[in-house]
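Structure record follows, encoded as structure tokens.
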Amino acid sequence: MNIGFSSTAARRSTLALTIAAAALAAACTQNAAPTASTPESAPTPVTEPASSEPVQQVAAASQFGPALPQDLQGPVQSGGECGIEATAEVPQGAELSLSRSVPQLIEGWALDRADKTAPTSVYLKLESGGDASYFVPVAMGTRAGLGIRLGEASLDSAAFSVNAALAEVPAGQYNVQVAQRIGDKILLCATGRSAKVAE
């Protein structure tokens, strides 16, 4: 009887150990299960710095107007030399095509060989053949090679340019002239060019 009891107790003990081992193995399996990986966040894009190069500025337009400039008031005499530069679009001798709605870059030259003094002021003048005339001041500067064309190297500084707006100039045909003041003299020079102003 004691032996049978011992065998039964042993079997029960073995069964209990087996169940406990199975439970422990299941717990270990759950703990060993891989956890879902957290996706890595996308890298923050690098923003390129804004360009530090300056934006090229276009020269502000100067407006042709009907008023006679103060420094051109007084006796006027024909004289001096002047011209409008030829371009690929407007060859020498051709009519200038100007628009009332779009400013136009006009380049030329003005000088007085009899007076070596630089002009105080220079204006481009559109003259309609009647009483109506329109003036715009031009900026004097240097243009390489101009003096050679004019027969004297120092005359590179006789160049002028203007970004001319013509909103106040009626459409029509005009003669292109250059007025310059040199000291007490006011000289008016015909460029030999005509201009057609259109809408």
Choose one of Gly130, Ser157, Ala167: the residue whose Cα lies farthest towards the positive end of the charge dipole of the range 121-199 (beta-carbon charges +1 Lys, Arg; -1 Asp, Glu; about the Cα centre).
Ser157
Using a 1.4 Å probe, what is the accessible area per residue for the range 80-199, in Å²?
48
Give the lysines reachable from Lys185 as a straight Cα distance under 18 Å; neighbours fewer than 8 places away on the same chain don't count.
Lys116, Lys125
Carbon and sulfur together cover what percent of the accessible area of the range 94-199 at a 1.4 Å probe radius?
52
Under 5 Å between amide hydrogens, which residues at least 5 positions from Arg113 or on another chain qualify, with H placed 1.01 Å from N in the peptide plane?
Glu81
If you keep only loop residues by DSSP, which trypsin sites (Lys or Arg not before Pro) in the range 89-167 have at most 13 other Cβ atoms within 10 Å of their Cβ?
Arg113, Lys116
Sites Leu72 and Ala114, calculated FRET efficiency, Cβ-Cβ separation with R0 22 Å, nearest 0.05:
0.70
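The values are calculated or read from the model by the stated rules, or taken from the named source; none is laboratory data. Note that this is a predicted model, so its numbers are computed, not measured. Quick reminder, even Gly has a Cβ in these numbers, built from the backbone with ideal geometry, and neighbours come from all protein chains shown. For the accessible areas, the whole protein counts, side chains as well, though only heavy atoms, and no ligand, DNA or RNA atoms are used. Shrake-Rupley method; radii C 1.70, N 1.55, O 1.52, S 1.80 Å.
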